[in-house]
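A single structure is presented below for examination.
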Amino acid sequence: MTEIELMTADGEIRTLKKEQDGDVFKAVALSLGSMGILLRVTLRCVAAFNLHQTRYGAEFKDVLENLDVHLKASDHFRFMWYPHTETCVMYHSRRTQEVP
């Protein structure tokens, strides 16, 4: 998203831009409507691409301690934590020209 038009609880209509409104923009994008009603969203699209994904297990503590490293090491990173355990599954994905 690059721009959001939002109507707040008092009826004010605000236009937020990712570059200008930083943290407020991020908060509205993730607020699930709690900060107002989204009237319009502007998306930046890119051409289709292939991803190569690597998946492996890790300790939850290790994932959190090295989160910045994981985020920088991939184009797309995610992990799933299994509640009540110390186990996670990490997914590192990078763009590739390889055929799927």
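For a quick check of understanding: with a 1.4 angstrom probe and all protein chains in place, what accessible area in square angstrom does Val99 have, to the nearest ten?
Val99 exposes around 130 Å² with every protein chain in place.
When the accessible area of the chain is split by element with a 1.4 Å probe, what percent falls to carbon and sulfur? Let's see the in-between values first.
Numbers: 4190 of 7680 Å².
After summing per-atom areas, the C and S share lands at 55 percent.
Among the GluC sites (Glu not before Pro) in region 1-74, which ones are in a DSSP loop with at most 15 other Cβ atoms within 10 Å of the Cβ? Mind listing them?
Numbers: sites: Glu3, Glu5, Glu12, Glu19, Glu59, Glu65; in loops: Glu12.
For GluC sites (Glu not before Pro) across region 1-74 that sit outside H, G, I, E and B with at most 15 neighbouring Cβ atoms in 10 Å, the list reads Glu12.
Take Tyr82, project a point 7 Å from its Cα along the Cβ direction, then tell me which residues of region 32-72 have their backbone nitrogen under 15 Å from it.
So the set is 56-61.
On full extension of the chain, what length is gained from Asp23 through Arg95, given 0.36 nm per residue of separation minus the C-alpha to C-alpha distance? Write out the running numbers ahead of the final one.
Values: separation 72, 0.36 × 72 = 25.92 nm, distance 2.76 nm.
Gain in length upon complete extension: 23.2 nm.
Would you please give the FRET efficiency between Leu67 and Val46, computed as 1/(1 + (r/R0)^6) with r the Cβ-Cβ distance and R0 = 25 Å, to the nearest 0.05?
Rounded to the nearest 0.05, the efficiency is 0.50.
Once label points are set 7 Å from the Cα along Cα→Cβ at both Leu39 and Tyr56, what is their separation, rounded to one decimal in nm?
Calculated label separation equals 5.0 nm.
OK, next. Across region 48-60, in residue order, what do the Karplus-derived ³J(HN,Hα) couplings come to in whole Hz, using 6.51 cos²θ - 1.76 cosθ + 1.60 with θ = phi - 60° and x for Gly and Pro?
Going residue by residue, I get 4, 8, 9, 10, 10, 10, 10, 10, 7, x, 7, 7, 4 Hz, with x marking Gly and Pro.
Here is a further query. On alpha-carbon atoms, Rg over Rh for the chain using Kirkwood Rh?
1.10
Do any trypsin sites (Lys or Arg not before Pro) in region 1-91 lie in a loop, going by DSSP, with at most 15 other beta-carbon atoms within 10 Å of their beta carbon, and if so which?
Arg44
Run the dipole for the chain about the Cα centre, Lys and Arg Cβ at +1, Asp and Glu Cβ at -1, nothing else charged, and hand back the magnitude in debye, nearest 20. List each step's numbers first, then the result.
On the way: 12 positive and 14 negative charges, 72 e Å.
The dipole of the chain has a size of about 340 debye.
While we're looking at this one, here's another question. For the chain, with every protein chain kept in place, what is the accessible area per residue (1.4 Å probe, Å²)? Walk me through the intermediate numbers first.
Numbers: 7680 Å² over 100 residues.
Value for the chain: 77 Å² per residue.
The values are calculated or read from the model by the stated rules, or taken from the named source; none is laboratory data. Keep in mind the model is a prediction, meaning the values are calculated, not measured. Ideal geometry is used to build each Cβ from the backbone, glycine not excepted, and the neighbour counts take in all protein chains shown. In case anyone asks, the SASA skips ligands and DNA or RNA and just uses the protein heavy atoms, side chains included. Shrake-Rupley method; radii C 1.70, N 1.55, O 1.52, S 1.80 Å.
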